[in-house]
Every structure is written in C-alpha cells, then in structure tokens.
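Here's the structure, in structure tokens; my notes come after.
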Amino acid sequence: MKRLFLFALCALSLTACADDKKVITFNALPQAAQTLMTQYINPTNVLLATQEGIGPWAEYEVALNDQSKWEFNADGALEKVEMLTGVPEALVPSLILNQVRTTYPNALIIEYNIDTRDQEVKLNNGIEMTFNLQGLLIQTEID
C-alpha cells in the first residue's frame, strides 16, 4: 500500500511540474495570437508572455505595460482580453456590442471573455453581462 501511495504521489508531482507556466517571447506565441495582437498593440509594450501546458492543451497569457491582459488557447484563438482603456470594439461581436451600447451607452467594455459555453463582458460601471454563443443576452449582474 505504501508503494502505491508513493507511486501516486510521484506521478502527481511529475504531472504538476509538467503544467507549470514558463516565460516565452512574443514570437513564441501562436501565429494567430501574434497577428491579432499586432493589430491593436505594439509588441514592444509586452511586459510578460507565458505558456502553460503543451500541445493542444497549451494556454498563453500576455501582460502589457498598461496593465492589459490577453489570453489565448493553443491555436492562438482569443479567450479573454482585459483593457482598462477599453477593449477594441472589433474584438467584440457586433450583436453584443450593440446590446451594450443600447443598454449602457456611456459604458466602456473593459473585459471580454469567450469560451465553449458563453461570452461575457465587464463594463467600467461594474455591470457584467453574459451572452450565449449566438450573442443573445442571458444574464446581467452588478459586480
């Protein structure tokens, strides 16, 4: 029983070490992520880029000097962007953008998330809105 426990502990330790974040250069990001980011930011403003996981399970995070944060999946598809100065409107689907503009015309989208289930926006007025993947509003919360 002790051997089984030690083996499990060693296997768990090795697995945990394999998933550690590592610092990478901007050029080590997936090409799609590099292309998207260079449309909106100057790569020289990248403070830190990291990779967690490998292969199809890799995830990338990029932090900028202005406190912006971008997250990408292994293919370089955008999963999350946070910008205190406002997320570029072209990154937010038009249906969601129109809903935000109509409901909160003076608000700024400071965070946009998309995953396999839904999309979320956070506004600079403390409102969080959740949409389905088709862009229809599901829920509104006050942070």
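The values are calculated or read from the model by the stated rules, or taken from the named source; none is laboratory data. For clarity, every value in this text was computed on a predicted model and none was experimentally measured. Neighbour counts run over all protein chains shown; Cβ positions are idealised from the backbone, glycine included. Quick note on the areas: whole protein, heavy atoms, side chains included, nothing else; ligands and nucleic acids left out. Shrake-Rupley method; radii C 1.70, N 1.55, O 1.52, S 1.80 Å.
Evaluate Rg over Rh across the stretch 84-143, taking Cα atoms for both radii and Kirkwood's formula for Rh. Intermediate values should be presented prior to the final figure.
Details: Rg = 10.2 Å, Rh = 11.2 Å.
Rounded to two decimals, Rg/Rh equals 0.91.
Below 14 angstrom from the Cβ of Ile138, what's the summed charge of the other residues (Lys, Arg +1; Asp, Glu -1)? Please list the in-between numbers first.
Numbers: positive: Arg117; negative: Asp115, Asp118, Glu120, Glu128, Glu141.
In short, -4.
Taking only pairs that are 8 or more places apart or on different chains, how many Lys pairs in the chain have Cα atoms under 16 angstrom apart?
Working: Lys21/Lys69; Lys69/Lys80; Lys69/Lys122; Lys80/Lys122.
Lysine pairs satisfying the spacing and distance rule in the chain number 4.
Please report, as a whole percent, how much of the solvent-accessible surface of the chain comes from carbon and sulfur atoms (probe radius 1.4 Å).
Numbers: 5130 of 9100 Å².
Here carbon and sulfur together make up 56 percent of the probe-accessible area.
Sort out for me the Cα centre separation of the stretch 19-80 from the stretch 96-123, rounded to whole Å.
Spelled out, the Cα-based centre of one part sits 22 Å from the other.
Averaged over every viewing direction, what's the projected area of the C-alpha convex hull for the stretch 20-143? Give it in nm², one decimal, please. All intermediate terms of the calculation are to be shown ahead of the outcome.
Numbers: hull surface 31.0 nm².
Mean orientational projected area (the stretch 20-143, Cα hull): 7.7 nm².
Let's test the formula: R0 of 25 Å, r as the Cβ-Cβ distance of Ala32 and Ser94. What FRET efficiency results, to the nearest 0.05?
Values: r = 21 Å, r/R0 = 0.83.
It comes out at approximately 0.75.
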